[in-house]
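The values are calculated or read from the model by the stated rules, or taken from the named source; none is laboratory data. Nothing here was measured: the structure is a model prediction, and the numbers come from that model. Cβ sites come from the backbone with ideal geometry, for glycine too, and all protein chains shown count toward neighbours. Areas reflect the complete protein model, heavy atoms only, side chains present, ligands, DNA and RNA absent. Shrake-Rupley method; radii C 1.70, N 1.55, O 1.52, S 1.80 Å.
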Amino acid sequence: MTTLIQNATVVTSRKSFAADILIDGEKIRDIRPGIPSDSAEKLIDAKGMLLFPGGIDVHTHLDMPFGGTTSSDDFETGTRAAAFGGTTTLIDFAIQARGTKMRDSLDTWWKKADGRATIDYGLHMIVTDLPEAGLEDMDQLVAEGVASFKLFMAYPGVLMVDDATIFQALSRTAKNGALICMHAENGSVIDVIIRRTLAEGKKAPIYHALTRPVTAEAEAVHRAIAMAEIAGAPVYIVHLSSEEALNQVREARDRGVPAFAETCPQYLLLSVDELARPDFEGAKYVFTPPLREKHHLPKLWDGLKNDHLQVVSTDHCPFCFADQKALGKDDFTKIPNGGPGVENRLQLLYHHGVNEGRLSVNRFVELVSTTPAKLFGLYPRKGELAPGSDADIVIWDPQADHLISARTHHMRVDYSMFEGFRVKGNARAVLSRGEVIVDNGRFLGRTGRGAFLKRVARGGAWD
Ligand SMILES: [Zn+2]
């Protein structure tokens with residue numbers, strides 16, 4: 001099957017230019033102006049549209065157990081919602097249960113995704129303990145395409161690991177070429193503050209934010225980067241939320257240290273005020289790190305523009321308000337941590353970034369697709385519009401008006417963090433490996449068509 005997309009503007013991380021794209025099977029075969037119409041079986045007229053490489057969201061939690069419940073999107077509903085928003089690749093997190101082998105957890109997550117994913121996906125592995133044998137497991141996982149690991153400096157007793165474990169993991173990746181992702185918050189300090197706060201009878205959602213100070217994030221970012229420097233390995237800070245944490249990354253990068261960081265739309269567009277909403281609605285915004293004071297927001301936008309931040313992901317981890325967030329009705333520490341967003345990332349970043357003059361359209365593509373592909377070992381198969389790359393293509397209508405709402409979104413969750421946000425620019429059609437899976441608001445993909453992506457070690461973080 002050959003498809004020709006005509007009359008569009010192709011947008012890559014480097015340039016925008018008028019051209020047609022010829023697709024042969026699952027791959028892009030040619031990109032240039034004036035490809036003859038008779039060279040393809042199927043024609044798509046994309047006049048007035050922009051063509052982006054498919055979005056890559058490197059931070060999602062589908063079908064994830066947390067605090068006695070499970071995130072409400074599974075690999076079927078989560079990947080479908082992602083596709084509607086122009087994302088054609090996810091990298092989700094498998095979690096090693098304490099005291100078990102990481103390799104077994106990989107099987108568990110493959111079972112969750114197999115037969116359900118509608119777009120391609122990779123997996124990171126969350127490391128919760130690391131005996132000597134675990135170091136060899138890391139190498140084996142890298143060989144199987146799990147080229148990144150995540151460790152937590154927060155959630156003591158659940159996910160948190162000590163500095164020795166982090167340093168061991170970083171040192172191993174210095175050899176095997178994987179990338180370590182860090183959840184950087186000082187969990188031990190936060191735990192003490194939480195216990196004090198509960199003892200004072202403060203149990204409303206707002207205290208989730210007030211017990212997790214900015215300095216606890218900045219300190220952990222500093223420590224993570226310092227340990228990576230000693231180990232001689234790159235490091236990637238997930239969901240960076242504050243100016244002080246950003247300063248740590250910038251300072252390291254200015255010295256030539258291979259430190260990388262992502263932020264998420266919620267940290268760019270929402271503030272801690274959301275957690276003070278009445279009627280327990282603040283629980284909709286309970287995730288970690290928490291939302292910050294408003295003055296952080298422009299600093300994070302500047303960070304994206306100036307490459308102090310390299311990626312925008314979502315940390316999509318939905319829990320329904322009615323019956324899941326409600327678990328913490330009387331105690332903010334029992335509110336499942338997470339929020340939905342996988343469908344809205346491109347819409348929000350395009351509107352508030354490109355339309356509002358904060359980012360060029362090429363930088364936008366770099367942040368949502370090209371750099372994620374490079375850092376996580378998918379480039380140039382993903383994240384690029386070029387001959388030989390997978391035909392993962394977003395046909396973007398820059399004039400489309402879209403109202404974000406839980407009433408119309410495709411995520412399996414009963415609220416939107418961005419309810420009522422009006423954006424200009426949305427995916428008109430989405431192709432995954434040459435197949436049109438979303439067209440004009442209709443889903444044409446097939447459950448289970450998404451493939452596991454074996455990612456390569458020593459991606460763009462190691463240049
Ligand atoms: Zn996360």
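Residues of the range 186-234 being within 22 Å of SER171 (Cβ to Cβ) and within 16 Å of the ligand (Cβ to nearest atom), which ones?
Within the range 186-234, GLY187, ALA220, VAL221, ALA224 qualify.
Please indicate, with yes or no, whether at least one residue in the range 239-248 is within 16 Å of the ligand (Cβ to nearest atom) and either touching a His at 6+ places or on another chain (Cβ under 8 Å) or aromatic (Phe, Trp, Tyr) (or both).
Yes - at least one qualifying residue is present in the range 239-248.
State all residues of the range 145-187 that are in contact with a helix residue (DSSP H, G or I) (Cβ under 7 Å, 6 or more places away or on another chain) and among the acidic types (Asp, Glu); if no residue qualifies, say none.
ASP163, GLU185
Would you mention how many residues in the range 147-169 are in contact with a Ser or Thr (Cβ under 8 Å, 6 or more places away or on another chain), over 19 Å from SER105 (Cβ atoms) and surrounded by fewer than 21 Cβ atoms within 10 Å (Cβ to Cβ)?
Summing the residues that are in contact with a Ser or Thr (Cβ under 8 Å, 6 or more places away or on another chain), over 19 Å from SER105 (Cβ atoms) and surrounded by fewer than 21 Cβ atoms within 10 Å (Cβ to Cβ) in the range 147-169 gives 1.
In this structure, is ALA276 out of contact with any His (no Cβ under 8 Å at 6 or more places or on another chain) and crowded, with 20+ Cβ neighbours inside 10 Å?
Values: out of contact with any His (no Cβ under 8 Å at 6 or more places or on another chain): yes; crowded, with 20+ Cβ neighbours inside 10 Å: no.
No; evaluated as a whole, the condition is false for this residue.
Out of (1) within 16 Å of the ligand (Cβ to nearest atom); (2) under 17 Å from PHE84 (Cα atoms), what's the single condition that is false for PRO372?
Just one mismatch for PRO372, condition (2).
Restricting the search to the range 445-454, which residues are in a loop (DSSP other than H, G, I, E, B), open to solvent by 10 Å² or more (accessible area, probe 1.4 Å) and of a type outside the set (Val, Ile, Thr)?
The answer is GLY445, ARG446, GLY448, ARG449, GLY450, ALA451, LYS454.
Would you mind telling me which numbered condition in (1) surrounded by 22 or more Cβ atoms within 10 Å (Cβ to Cβ); (2) out of contact with any helix residue (DSSP H, G or I) (no Cβ under 7 Å at 6 or more places or on another chain); (3) of a type in the set (Val, Ile, Thr) ILE193 fails?
Only one criterion is unmet by ILE193, namely (1).
Would you please name the residue that is nearest to ALA276 (Cα to Cα), looking only at residues in the range 306-323 that are more than 16 Å from the ligand (Cβ to nearest atom) and among the acidic types (Asp, Glu)?
Per the criteria, the residue is ASP323.
Taking the range 230-273, which residues are under 21 Å from PHE149 (Cβ atoms), touching a residue at least 60 places away in the same chain (Cβ under 8 Å) and open to solvent by less than 10 Å² (accessible area, probe 1.4 Å)?
Correct list: ALA233, PRO234, VAL235, TYR236, VAL238, HIS239, LEU240, ALA245, VAL249, GLU262, CYS264.
Just to be sure before I move on: is GLY134 at pLDDT below 95, outside any loop (DSSP other than H, G, I, E, B) and more than 22 Å from the chain's Cα centre (by Cα) in the structure I sent? Working first, answer last.
Details: at pLDDT below 95: yes; outside any loop (DSSP other than H, G, I, E, B): yes; more than 22 Å from the chain's Cα centre (by Cα): yes.
Criteria met by GLY134.
Does the range 9-29 include one or more residues that are touching a residue at least 12 places away in the same chain (Cβ under 8 Å), in contact with a Pro (Cβ under 7 Å, 6 or more places away or on another chain), surrounded by fewer than 15 Cβ atoms within 10 Å (Cβ to Cβ) and not polar (S, T, N, Q)?
Scanning the range 9-29 turns up at least one residue that is touching a residue at least 12 places away in the same chain (Cβ under 8 Å), in contact with a Pro (Cβ under 7 Å, 6 or more places away or on another chain), surrounded by fewer than 15 Cβ atoms within 10 Å (Cβ to Cβ) and not polar (S, T, N, Q).
So in the range 186-203, with the set limited to residues that are charged (D, E, K, R) and within 21 Å of LYS325 (Cβ to Cβ), which one is nearest to the chain's Cα centre (by Cα)?
Of everything passing the filter in the range 186-203, LYS203 is nearest to the chain's Cα centre (by Cα).
When you look at PHE93, is it open to solvent by less than 10 Å² (accessible area, probe 1.4 Å) and within 15 Å of the ligand (Cβ to nearest atom), yes or no?
yes
So which helices (runs of 4 or more DSSP H) stay within the range 139-228 end to end and still have 1 or more residues that are more than 14 Å from MET125 (Cα to Cα) and in contact with an Asp or Glu (Cβ under 6 Å, 6 or more places away or on another chain)? Full working, then the answer.
Details: elements: 163-176, 187-199, 206-210.
So the answer is 163-176.
In the set GLY303, GLY282, GLY341, GLY328, which member is within 13 Å of the ligand (Cβ to nearest atom) and of a type in the set (Gly, Ala, Ser)?
Checking each option against the conditions leaves just GLY341.
Of the residues in the range 208-229, how many are touching a Leu at 6+ places or on another chain (Cβ under 8 Å) and surrounded by fewer than 24 Cβ atoms within 10 Å (Cβ to Cβ)?
Residues meeting the conditions: 1.
Answer yes if at least one residue in the range 60-80 is within 16 Å of the ligand (Cβ to nearest atom), open to solvent by less than 10 Å² (accessible area, probe 1.4 Å) and more than 15 Å from MET411 (Cβ to Cβ), and no otherwise.
No: zero hits.
Of the numbered conditions (1) exposed (fewer than 15 other Cβ atoms within 10 Å of the Cβ); (2) within 15 Å of the ligand (Cβ to nearest atom), GLY34 satisfies every one except a single condition; which is it?
Tallying (1) exposed (fewer than 15 other Cβ atoms within 10 Å of the Cβ); (2) within 15 Å of the ligand (Cβ to nearest atom), GLY34 fails exactly one: (2).
For the range 53-79, which residues satisfy the criterion of being in contact with a strand residue (DSSP E or B) (Cβ under 6 Å, 6 or more places away or on another chain) and more than 18 Å from HIS124 (Cα to Cα)?
Answer for the range 53-79, where residues must be in contact with a strand residue (DSSP E or B) (Cβ under 6 Å, 6 or more places away or on another chain) and more than 18 Å from HIS124 (Cα to Cα): just GLY54.
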